[in-house]
């Protein structure tokens, strides 16, 4: 990987910024250069949040981008807002229980029912970690152990087992997606 641009966007409360922080911390631990910028919708309630993360082997000159290599989106609104920014040959990961995708020529789109799977584990708050495990299995961003180390060091102890199970479940779902 010389440089990877990730755009993570979804409803406030979907754990988008936490997901970005975990990815960024893992990248630094993996001895990569990394920057994250955040943005929010102007709505006081019910708005979206976005984390743009750049991971690079080289110093990052500018932290802003428009066209992500991978777009992760958890709502129809954010999917509709961002799908046109994904270049041909790149990818979209979307929350399949909330997003109805449309054809985006040349863009690979993969759905994951992260929120419903998180409910099956017992808490919707780990949907973001399910997405992380899924994304890493599909795109092999870095070794799983790097992400797991960051999860172990940054998640409160009482939620740690749940988050580790969520990552493992996401990874299994990613493996299934690779087979189909």
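FYI, it's all coordinate maths here, none of it is from the lab. Only a predicted model underlies this, so the values are computations on that prediction, with no experimental measurement involved. Ideal geometry is used to build each Cβ from the backbone, glycine not excepted, and the neighbour counts take in all protein chains shown.
Between 120, 82, 168, the GNM of the chain built on Cα springs shorter than 10 angstrom shows 120 fluctuating the most. Out of all DSSP beta bridges in the stretch 3-179, what portion is antiparallel? Express it as a percent rounded to 5. Once the DSSP bridges in the stretch 3-179 are tallied, antiparallel ones form about 55 percent.
Distance from the alpha carbon centroid of the stretch 103-177 to that of the stretch 51-70 works out to 21 angstrom. When the chain is treated as a GNM with alpha-carbon contacts under 10 Å, the residue of 111, 12, 122 showing the greatest mean-square fluctuation is 122. Between residue 45 and residue 160, the FRET efficiency estimated from the beta carbon spacing at R0 = 30 angstrom works out to 0.45.
Residues of the stretch 149-173 falling in the label zone of residue 120, defined by backbone nitrogen less than 20 Å from a point 7 Å along Cα to beta-carbon, are 161-173. If you run the Gaussian network model on the chain, springs between alpha carbon atoms under 10 Å, then out of 39, 11, 26 the most flexible one is 39.
Computed packing ranks the peptides 28-36, 125-133, 70-78 as 125-133, 70-78, 28-36, most packed first, by mean other Cβ atoms within 10 Å.
What nm value, rounded to one decimal, do you get for the distance between residue 28 and residue 57 when each label is placed 7 Å out toward the C-beta? So the label points at residue 28 and residue 57 sit 2.3 nm apart. Taking 19 Å as the cut-off, the amide N atoms of the stretch 24-52 that come nearer than this to a point 7 Å along the Cα-to-beta-carbon line of residue 153 belong to 24-36.
Share of pairwise Cα-Cα distances greater than 21 Å in the stretch 51-141 is 35 percent (whole percent). Once the Kirkwood radius over Cα pairs is known for the chain, the Stokes-Einstein relation at 10 °C and 1.306 mPa s delivers a diffusion coefficient of 98 µm²/s. So what is the 222 nm mean residue ellipticity for the chain from helices alone, if each DSSP H run of at least 4 adds -39500 (n - 2.57) and you divide by all residues, rounding to the nearest 500 deg cm²/dmol? Rounded to the nearest 500, it is -13500 deg cm²/dmol.
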